[in-house]
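Q: This is the structure I want to talk about, given as structure tokens.
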Amino acid sequence: MDGKVLQTLEKADISRLAATGWKPVTPITVKARDGATDLYGLLYKPTRFDQTKKYPIINHIYPGPQTGSVGSRNFASARGDSQALAELGFIVVEIDGMGTPWRSKKFHDAYFGAMGDNTLADQVAGMKELAKRFSWIDIDRAGIWGHSGGGYATADAMFRYPDFFRVGIAEAGNHDNRDYEDDWGEKWQGLLVRKSGDGTNYDNQANQLVAGNLKGKLLLAHGTTDSNVPPDNTLLVVDALIKANKDFDLLMLPNQAHGYGSESNYMTRRRWDYFVKWLLNAEPPKEYEIVTPGTGRGGVPVP
């Protein structure tokens with residue numbers, strides 16, 4: 001109670017990790033769309049960062065509402081491939097917008113009943129603020145990507161903010177929660193209510209209804225045997241884009257579930273290539289192969 005240490009149970013030591021050249025990610029605080037609420041996040045820079053250069057910025061999004069882009073607050077030497085993506089010549093950010101949990105109920109309820117919000121106004125506000133703060137961020141080359149709920153948010157971002165986000169990669173997205181699990185859609189969007197005519201209260205979250213706004217480069221990806229988010233969720237958007245005569249890219253991973261399994265390395269490589277080509281305006285190495293230790297070609301385990 002008086003603040004004295006009674007006994008040291010354990011002490012962390014990252015000296016061997018630091019000796020490899022590892023650098024910790026940078027915590028950031030930005031203002032939300034209202035210009036007043038603090039939002040917390042992470043910023044990744046290339047290890048060989050040059051503050052005299054201009055770097056495109058990529059938003060790695062998972063908007064909640066059950067968790068956020070940052071995820072765990074525990075120490076982690078790596079958080080997915082965010083640092084690896086930054087090493088290719090990007091600034092990568094993860095921002096927990098209004099609507100994510102673990103704060104106040106008011107904060108968590110920010111977009112209840114309007115899942116199409118996806119914290120996107122906060123993401124854009126935060127990225128613009130960072131660009132004003134740091135001269136090495138090129139806000140005119142903004143990209144976004146995410147998986148599952150993040151895939152949903154990514155396509156939504158490309159459709160609702162077509163003049164801001166230039167490149168997006170939407171993986172395994174639940175693009176219309178009427179076609180997803182009832183314990184997800186009804187929990188965050190509410191029960192289905194039919195309006196006069198053909199409309200419902202779910203129209204404000206359906207990506208296919210705003211797909212015609214697309215201007216930038218969009219890659220949609222889905223596993224064909226995804227039992228979490230069935231692939232017809234992505235096909236809803238594909239159909240709408242075709243009917244709107246929009247150019248886009250589609251990658252269907254045969255016989256792969258929600259996490260892409262043995263083909264996840266291939267998806268990662270395609271994601272890196274897509275940003276390098278269309279956001280960095282460079283040519284990626286042809287068919288670069290990512291090999292996970294203990295696996296061979298295509299991620300197949302080896303003895």
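Q: With a Förster radius of 22 Å, plug the Cβ-Cβ distance of residue 66 and residue 105 into 1/(1 + (r/R0)^6) and report the FRET value to the nearest 0.05.
A: Details: r = 14 Å, r/R0 = 0.65.
With R0 = 22 Å, the Cβ-Cβ based efficiency is 0.95.
Q: A further question on this structure: Collect residues whose amide H, placed 1.01 Å from N in the peptide plane, falls under 5 Å from the amide H of residue 137; neighbours closer than 5 in sequence don't count.
A: 55
Q: Which residues make up the longest stretch of the chain that has no trypsin sites (Lys or Arg not before Pro) in a DSSP loop with at most 11 other Cβ atoms within 10 Å? Intermediate values should be presented prior to the final figure.
A: Values: sites that count: 4, 11, 48, 53, 73, 195, 286.
Segment 74-194 is the longest.
Q: May I pose another question? Where the only charges are on Cβ atoms (+1 Lys, Arg; -1 Asp, Glu), what is the dipole of the stretch 217-284 about its Cα centre, to the nearest 20 debye?
A: Details: 7 positive and 8 negative charges, 38 e Å.
Approximately 180 debye in magnitude.
Q: Moving to a separate point now. Taking the Cα centroid of the stretch 8-30 and of the stretch 55-77, what is the distance between the two, rounded to the nearest whole Å?
A: Between the Cα centres of the stretch 8-30 and the stretch 55-77 lies a distance of 18 Å.
Q: How high is the relative contact order of the chain, in percent, counting Cα pairs under 8 Å that sit 6 or more residues apart? Kindly include the intermediate steps, with their values, before the conclusion.
A: Details: 563 pairs, mean separation 42.0, N = 303.
Relative contact order for the chain comes out at 14 percent.
Q: Let me ask another. Between residue 84 and residue 182, what length comes free when the chain is fully extended (0.36 nm per residue of separation minus the Cα-Cα distance, one decimal in nm)?
A: Full extension of this stretch gives 31.7 nm more.
Q: Here's a follow-up. What is the calculated FRET efficiency for residue 232 to residue 9, with r their C-beta to C-beta distance and R₀ = 51 Å, to the nearest 0.05?
A: Numbers: r = 51 Å, r/R0 = 1.00.
Efficiency, from the Cβ-Cβ distance: 0.50.
Q: Here's something else I'd like to know. Please identify every one of the GluC sites (Glu not before Pro) in the stretch 144-243 that sits in a loop by DSSP and has no more than 15 other beta carbons within 10 Å of its own beta carbon. Write down the numbers at each step before the final one.
A: Working: sites: 171, 181, 186; in loops: 181.
Those that pass, being in a loop and sparsely packed, are 181.
Q: Then there is this: Summing -39500 (n - 2.57) over the DSSP H runs of n ≥ 4 in the chain and dividing by its residue number, what mean residue ellipticity at 222 nm do you reach, to the nearest 500 deg cm²/dmol? Each step should come with its number before you reach the end.
A: Numbers: 8 runs with 76 residues, N = 303.
The helix-only estimate for the chain comes to -7000 deg cm²/dmol at 222 nm.
Q: When only DSSP loop residues count, what chymotrypsin sites (Phe, Trp or Tyr not before Pro) in the stretch 1-44 have their Cβ near at most 16 other Cβ atoms within 10 Å?
A: Values: sites: 22, 40, 44; in loops: 22.
Within the stretch 1-44, the qualifying chymotrypsin sites (Phe, Trp or Tyr not before Pro) (loop, at most 16 other Cβ atoms within 10 Å) are 22.
Q: Then there is this: Within 10 Å of each candidate Cβ there may be at most 12 other Cβ atoms; applying that plus a DSSP loop requirement, which chymotrypsin sites (Phe, Trp or Tyr not before Pro) in the stretch 95-129 survive? Kindly include the intermediate steps, with their values, before the conclusion.
A: Details: sites: 102, 107, 111, 112; in loops: 102, 111, 112.
When the chymotrypsin sites (Phe, Trp or Tyr not before Pro) of the stretch 95-129 are filtered for loop state and at most 12 Cβ neighbours within 10 Å, 102 remain.
Q: Give the relative contact order (percent, whole number) for the stretch 153-303; include only Cα pairs under 8 Å separated by 6+ residues. Display every interim value, and only then the final one.
A: Details: 229 pairs, mean separation 33.6, N = 151.
Computed over the stretch 153-303, the figure is 22 percent.
Q: Moving on to the next point. Each residue of the stretch 175-189 in order: what ³J(HN,Hα) in whole Hz does its phi give by Karplus 6.51 cos²θ - 1.76 cosθ + 1.60, θ = phi - 60°, with x for Gly and Pro?
A: Residue by residue, the stretch 175-189 yields 6, 9, 6, 6, 9, 10, 5, 5, 6, 9, x, 5, 5, 10, 9 Hz.
Q: Of the listed pairs 31/217; 217/277; 246/286; 106/195; 54/277, which have alpha-carbon separations greater than 19 Å here?
A: Numbers: 31/217 28 Å; 217/277 10 Å; 246/286 27 Å; 106/195 27 Å; 54/277 16 Å.
Too far apart for the 19 Å limit: 31/217; 246/286; 106/195.
Q: A further question on this structure: With labels modelled as points extended 7 Å from the Cα through the Cβ direction, what inter-label distance (nm, one decimal) is found for residue 194 paired with residue 282?
A: According to this spin-label approximation, the distance is 5.5 nm.
Coordinate-derived values only; no laboratory data. Just so it is clear, the structure is predicted and the values come from calculations on it, not from any experiment. Glycine also receives a Cβ, built like all others from the backbone with ideal geometry; neighbour counts cover every protein chain displayed.
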